[in-house]
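Report on the following structure.
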Amino acid sequence: MKIAVLGYGTIGSGVVEVVEKNAASIEKRAGEKIEVKYVLDLREFPGDPVQDILVHDYSVIAEDEEIGVIVETMGGTKPAYDFVKTALLNGKSVCTSNKELVAAHGAELIQIAEDKQVNFFFEASVGGGIPIIRPLNQCITADEIEQINGILNGTTNFILSKMADEGADFEDVLKEAQQLGYAEKDPTADVEGYDACRKIAILTSLAYGKQVDYEDIYTEGITKITASDFKYAKQAGLAIKIFGMSKKVGSSVYAMVAPQMIGSGHPLYSVNGVFNGISVKGNMLGDVMFYGAGAGKLPTASAVVADVVAAVKHQGDHVPITWSSEKLEISSVEEMETRFFVRVDESEKQKIQDVFGEVQMIDAGVDGECGFITSGMKEKEFAKKAEAFAQLITRIRVMGDE
Ligand code: HSE
């Protein structure tokens, strides 16, 4: 099988490396030898052996009948969407790590793959090297999925873990993460939660078999989390993580990306550093948890190449993926129930009980303010109660031990 890799960045070069390093075992599993015939990139790579197979013109790949599988690791939707669509229409399977592409066009590309009896696989688009797409699509098929909770972004988990360990503020840890190469120069997509939003949109689409538009998902990043928040969290024995979550309550599906405080009893409490963790709750299965390297060159490339192996094994046979283009309505988060950690100015302490009733006060020794955790209430109830405070410093949701 001759394959082509679109984009020779971190993941694309990882794919070439994995295919070469593990050639023998991959051949055994795929049933035939896999060879990278082309790499597409606008750049030159003098001195790198890939230079010999480098092309700058996509049509060379799209029109080569010898190419059966195309790996797309360019990121973004332009020109990835056009390239992938052309590949599928030309009867080639595609394996991608590109969550922007999958979140925006997944249903359509799956349909084209079905029409052409080829495959569109995207295991690496969520959770890097962690198998989660195939388990959702092919393993947890006897269950109704009730809930997905995921630490889906390695960069923000690294930052929050370091803030917890060092008592440092967000901006300082972000700078360090950028120096270490963990965070991008423009960290917006990670720290504002947009990356996790696309990932939970993909997982939720797979869980319910319909298109979830990521624009419909309430998304809050980690830029407002401070060292003081961690003082309270530590005092209360809680961790602060940013979660992509979705859950089905009756006929309503809720989805959200937001920082959450979680207790040590939660299976995702100890997912630290650049690692990702995803827990899925099925109505028969109960909870299952997936944990591992959610980003990085070789772990992500490993998932992409596993998709290539599957595509080679399934030549001429489309593996169905339950994700139709019918839109899944996401219910308003205002109706979601949760507990809240709240910080208010000390001058408003006497109001706390009047407004929120019984709360759990946390004494973290932060001057001039009070921190407490409310009982469970709807988001809209909380918003209304919060109006009673002139100086509500912050609020972070507290996840139950579900
Ligand atoms: N920026 C992403 C992360 C890369 O930090 O998790 C993997 O999707």
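The values are calculated or read from the model by the stated rules, or taken from the named source; none is laboratory data. Small disclaimer: the values here were computed from a predicted structure and weren't measured. Neighbour counts are summed over all protein chains in view; Cβ atoms, including those assigned to glycine, are modelled from backbone coordinates with ideal geometry. When the accessible area is computed, the model is the full protein with side chains, heavy atoms only, and any ligands, DNA or RNA have been set aside. Shrake-Rupley method; radii C 1.70, N 1.55, O 1.52, S 1.80 Å.
Below are the figures for this structure:
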read-out: Ratio of the Cα radius of gyration of segment 234-337 to 2.2 N^0.38 Å, where N counts its residues; value: 1.38
read-out: Protection proxy ranking of 124-130, 177-183 - average other beta-carbon atoms within 10 Å, highest first; value: 124-130, 177-183
read-out: Ordering of 240-249, 151-160, 165-174 by packing [mean C-beta count within 10 Å, highest first]; value: 151-160, 240-249, 165-174
read-out: Residue-averaged 222 nm ellipticity for the chain, from DSSP H runs of 4+ at -39500 (n - 2.57), nearest 500; value: -10000 deg cm²/dmol
read-out: Sites Cys139 and Asp186, calculated FRET efficiency, Cβ-Cβ separation with R0 30 Å, nearest 0.05; value: 0.25
read-out: Reachable lysines from Lys21, criterion Cα separation under 22 angstrom, eight or more residues apart if same chain; value: Lys2, Lys33, Lys37, Lys297, Lys313
read-out: Helical segments meeting 20 Å axial Cα length and Kyte-Doolittle -0.5 threshold in the chain (DSSP H); value: 99-116, 194-208, 297-313
read-out: Aspartates and glutamates with Cα under 12 Å of Lys385, excluding same-chain neighbours fewer than 8 positions away; value: Asp354
read-out: Pair Glu326, Gln111: separation of 7 Å Cα→Cβ label points (nm); value: 1.3
read-out: 3J(HN,Hα) from dihedral phi, segment 360-371, Karplus parametrisation 6.51/-1.76/1.60, rounded to Hz, x for glycine, proline; value: 9, 6, 10, 9, 9, x, 8, 5, x, 8, 10, x
read-out: Förster radius 56 Å - calculated FRET efficiency between His56 and Glu346 (Cβ-Cβ, nearest 0.05); value: 0.30
read-out: For segment 53-136, convex hull volume per residue from C-alpha positions, Å³; value: 100
read-out: When the convex hull of its Cα atoms is projected in every direction, mean area for segment 66-224 (nm²); value: 10.9
read-out: Quotient of Cα Rg and 2.2 N^0.38 Å for segment 262-402, N being how many residues it contains; value: 1.53
read-out: Ala168 versus Asn90: modelled label distance in nm, points set 7 Å from Cα along the beta carbon direction; value: 4.6
read-out: Linear extension gain, Glu387 paired with Ser375, 0.36 nm per residue minus alpha-carbon span; value: 2.6 nm
read-out: Along principal axes, Cα extents of the chain, largest first, whole Å; value: 75, 47, 33
read-out: Mean projected area (nm²) of the alpha-carbon convex hull when segment 257-309 is viewed from all directions; value: 5.5
read-out: FRET efficiency estimate (nearest 0.05) - Cβ-Cβ, Thr77 to Lys231, R0 41 angstrom; value: 0.50
read-out: Orientation-averaged projected area, Cα convex hull of segment 209-276 (nm²); value: 6.3
read-out: Neighbour cut-off at most 16 other Cβ (10 Å), DSSP loop, GluC sites (Glu not before Pro), segment 270-345; value: Glu326, Glu329
read-out: Solution diffusion estimate, µm²/s, Stokes-Einstein, segment 362-402, Kirkwood Rh from C-alpha pairs, 37 °C, viscosity 0.692 mPa s; value: 274
read-out: For segment 118-238, accessible area per residue (1.4 Å probe, heavy atoms of protein chains only), Å²; value: 38
read-out: Accessible area of segment 196-346 belonging to carbon and sulfur atoms, whole % at 1.4 Å probe; value: 49
read-out: Relative contact order of segment 47-149, defined on C-alpha pairs under 8 angstrom at six or more residues apart (%); value: 21
read-out: Relative packing of 14-26, 41-53, which averages over residues the other C-beta atoms within 10 Å, highest first; value: 14-26, 41-53
read-out: Set of aspartates and glutamates near Lys185 by C-alpha distance (under 19 Å), chain-local residues within fewer than 8 positions excluded; value: Glu100, Asp169, Glu171, Asp172, Glu176, Asp195
